[in-house]
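The values are calculated or read from the model by the stated rules, or taken from the named source; none is laboratory data. Remember, it's a predicted structure, so these values are computed and weren't measured experimentally. Cβ coordinates were reconstructed from backbone atoms using ideal geometry, including for glycine residues, and neighbour counts include every protein chain displayed.
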Amino acid sequence: MAGGATLTSGEYIKHHLTNMTFGQIDGEWRLAHTAQEAKEMGFWAFHVDSLAWSLVLGLFFIWLFRKAAKTVTSDTPSGLQNFVEWIVEFIDSSVKGSFAGKNYLVAPMALTIFVWIFLMNAMDLIAVDWLPQIAAWIGHTAFGADPHHVYFKVVPTTDPNVTFGMALGVFWLMIYYSIKVKGLGGFLSELAFHPFGKWGLPVNLLLEGVSLISKPVSLALRLFGNMYAGETIFILIAIMYSAGWSLGLFGGFLQLGWAIFHILIITLQAFIFMTLTIVYMDMAHTVEEH
């Protein structure tokens, strides 16, 4: 079957949804050989594949936009320049429509978030076996590892560590600018006295505290859940290739249809994350008048 003849369907799914994990186990720092070892490594383990692909795609984003900026011209713009200008204008209009304050950080941050998340999501369109099989071959030939013990996920946004990392970055910026713009007293008064005034202090703290904490949680889980589900469907479709030519052919049509539909999903999830970030930053810069 796809991914290895000795793997059952359940093992195949579990293998493709397990990160390449580096951490400490039995007093030794090393890569996990099984999914159980990856779990036992705990909180301080590193997901090597998620970190590597995030870095590579981030550098690709910087290189691509830098290349467009270095070759910009007002005469006959290249296709790359037109494409980059279209994205920048799209982000600029989104920021102007949702952000009423004045902060030169918001637009570049929105651009970075949208393009970077889109690139990470787009890794979902690569056939699920290609890169993991290359990683397994390298691990076997270069290090003598069992190919079935080489785990390699290629979609960083299917890793909650990545989505929560981005969401917490947005959350801390929101807190920082809330305190900077409104002052510490103004920020705390919003938590304590909104929406029921000073007599509803306990209820206000509960409601506003839950609302505040839910922002990064919803940002992270929405992106993670949608991309994880999409990757799982691709893996389930790939299993059909091992069930005979008729189901394999049907799986090919399913994969093509899901890939086309998934282009909308990966774009929409990047747009939603970016838009909510802009809205949260606008809320941080809004001073209520009493």
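Would you mind listing the helices (runs of 4 or more DSSP H) fully within the range 72-165 where at least 1 residues are aromatic (Phe, Trp, Tyr) and more than 23 Å from residue 230 (Cα to Cα)?
79-98, 130-143
Here are some residues: 80, 57. Which one is at pLDDT 95 or above, surrounded by 11 or more Cβ atoms within 10 Å (Cβ to Cβ) and either among the aliphatic types (A, V, I, L, M) or out of contact with any helix residue (DSSP H, G or I) (no Cβ under 8 Å at 6 or more places or on another chain) (or both)?
Going through 80, 57 in turn, just one is at pLDDT 95 or above, surrounded by 11 or more Cβ atoms within 10 Å (Cβ to Cβ) and either among the aliphatic types (A, V, I, L, M) or out of contact with any helix residue (DSSP H, G or I) (no Cβ under 8 Å at 6 or more places or on another chain) (or both): 57.
Assigned to a helix (DSSP H, G or I) and over 16 Å from the mean Cα position of the chain (by Cα): is that true of residue 247 in this structure?
When the stated conditions are applied, residue 247 passes them.
Quickly run through the range 181-219 and pick out the residues that are of a type in the set (Phe, Trp, Tyr) and over 27 Å from residue 166 (Cβ atoms).
193, 196, 199
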